[in-house]
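Asker: Dropping the structure in here first, questions after.
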Amino acid sequence: MTDPLATMAQVRRLEHAGRIADALSLITPFAASAREGDDVLAAIDATMNESMLCTRLGDVEIALARASWALGTACDPRNRARLSSRSAAWKITMAFYAWCDAARSHALVGYDAIAAVVRQAEAFLESTGHGEWRSGVLAEHAAILTARERHVDAIPLLREAAALKRRFPDAPGMTLETLLRDLGRALDHGGEPEEAAVVLRELLAVPALPPIDQLASHCYLGHNALRRGASDEALRCAVAAIAVAETMEDRQRIPAYGLAVDARLAVGDGAGARVAADRILELARRVGGPKALFNAIQDNFEVALFEGAFERAGEWLAELDARADELDARVGAPEHRGRVDERRARLARARA
């Protein structure tokens, strides 16, 4: 008989090492067996962890289905008596977050629907007397604001979440390292690039930082460096990000090559930018979601414009134009349409 504790411990070791596909291969049959068994809490735990791994790999349909099962089972009144312990409350809270994580990656789930589930999680914490666990709720609210490009509004939430996580490190939800990397990104996009650089550099100096946090921090610091005009630093970050990403699954490689496109263009390396743009487009078409593909097409537009290939740039612009409104409908603002219009104006000036 499989030891549940040993299995989950091995899953977490694989995930920490960035071996997401291996972790998913181990947990999938275990979770399926748990759903057929009598231990409801073990089934919720295994299934919501399966969902989060599926989200990391881009299997958004399966991720949302598993997260919905875990959250539905956790909230089923018939299971209330069996889910009254502190351990159960911790895992139920994580089931809320797993659902939000999966829903953010699913193109058909709107951010208003996700925000409603975050509010349910907050109500659950209040009703069970676990207000000290609010760091995760704050982080989920901040993630929605960030997705809507409201970075300034996300900053105080992430500051408070990080402060709570330091006080209550065992609270369910994002790790302190993940909260800090997201704070760094929000600061950068929210008009505080110098503070963002400090936060991200300090994070990258943390010993044994998990690969996923290393990757994100290198990418965020690289884009921050570009905004500060430090193109050489951005290129170093891109090289470091790719080195980490190449030890991980394909979906994790997309942001590293996206940074490489921008950094190579910033230092005038059109040939290197073309290699990175071809790579990110192949990855995004194969394993990326709608937003990742939009960004990859956008990168290819930028490279074509740099090369003076105006006809090709126009073709990329047409692809962006066809995708912008669908993405904006989810965001609730003309974010992607604005990007298309700005690039159309630049292309027109370049052709003049």
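The values are calculated or read from the model by the stated rules, or taken from the named source; none is laboratory data. No experiment lies behind these values; they were computed from the predicted model shown. Here the Cβ is made from the backbone with ideal geometry for all residues, glycine too, and neighbour counts use every protein chain on show.
Asker: Run down Arg323, Arg253, Arg236, Arg337 and say which single residue is under 26 Å from His151 (Cα atoms), crowded, with 21+ Cβ neighbours inside 10 Å, not assigned by TED's automatic domain parsing to the domain that holds Glu149 and not hydrophobic (A, V, I, L, M, F, W, C).
Answerer: Arg253
Asker: While we're here: Anything in the stretch 224-264 that is in contact with a Gly (Cβ under 6 Å, 6 or more places away or on another chain), within 25 Å of Thr55 (Cβ to Cβ) and among the basic types (Lys, Arg)? List them, or say none.
Answerer: Arg251
Asker: Could you please find all residues in the stretch 20-52 being of a type in the set (D, E, K, R), surrounded by 14 or more Cβ atoms within 10 Å (Cβ to Cβ) and free of Cβ contacts under 8 Å to residues at least 24 places away in the same chain? Talk me through it step by step, then tell me what you get.
Answerer: We begin by selecting, within the stretch 20-52, every residue of a type in the set (D, E, K, R); these are 22, 35-36, 38-39, 45, 50.
Filter again for surrounded by 14 or more Cβ atoms within 10 Å (Cβ to Cβ), leaving 22, 35, 45, 50.
Of everything in the stretch 20-52, just one residue is of a type in the set (D, E, K, R), surrounded by 14 or more Cβ atoms within 10 Å (Cβ to Cβ) and free of Cβ contacts under 8 Å to residues at least 24 places away in the same chain, namely Asp22.
Asker: In the stretch 145-165, is there at least one residue being at pLDDT below 95 and of a type in the set (Gly, Ala, Ser)?
Answerer: Checked against the condition, which is being at pLDDT below 95 and of a type in the set (Gly, Ala, Ser), the stretch 145-165 yields at least one hit.
Asker: Confirm whether Ala230 is modelled with pLDDT of 95 or more, surrounded by fewer than 21 Cβ atoms within 10 Å (Cβ to Cβ) and either at positive phi or among the aliphatic types (A, V, I, L, M) (or both). Before you say what the answer is, go through the steps one by one.
Answerer: Values: modelled with pLDDT of 95 or more: yes; surrounded by fewer than 21 Cβ atoms within 10 Å (Cβ to Cβ): yes; either at positive phi or among the aliphatic types (A, V, I, L, M) (or both): yes.
When the stated conditions are applied, Ala230 passes them.
Asker: Something else: Go over the candidates Leu259, Leu209 one by one and state the one that is under 24 Å from Val275 (Cα atoms), among the hydrophobic types (A, V, I, L, M, F, W, C) and touching a Leu at 6+ places or on another chain (Cβ under 9 Å).
Answerer: Among Leu259, Leu209, only Leu259 is under 24 Å from Val275 (Cα atoms), among the hydrophobic types (A, V, I, L, M, F, W, C) and touching a Leu at 6+ places or on another chain (Cβ under 9 Å).
Asker: Tally time: how many residues in the stretch 67-113 are in contact with a Pro (Cβ under 9 Å, 6 or more places away or on another chain), in a helix (DSSP H, G or I) and in contact (Cβ under 8 Å) with a residue 60 or more places away in the chain?
Answerer: Within the stretch 67-113, residues that are in contact with a Pro (Cβ under 9 Å, 6 or more places away or on another chain), in a helix (DSSP H, G or I) and in contact (Cβ under 8 Å) with a residue 60 or more places away in the chain number 5.
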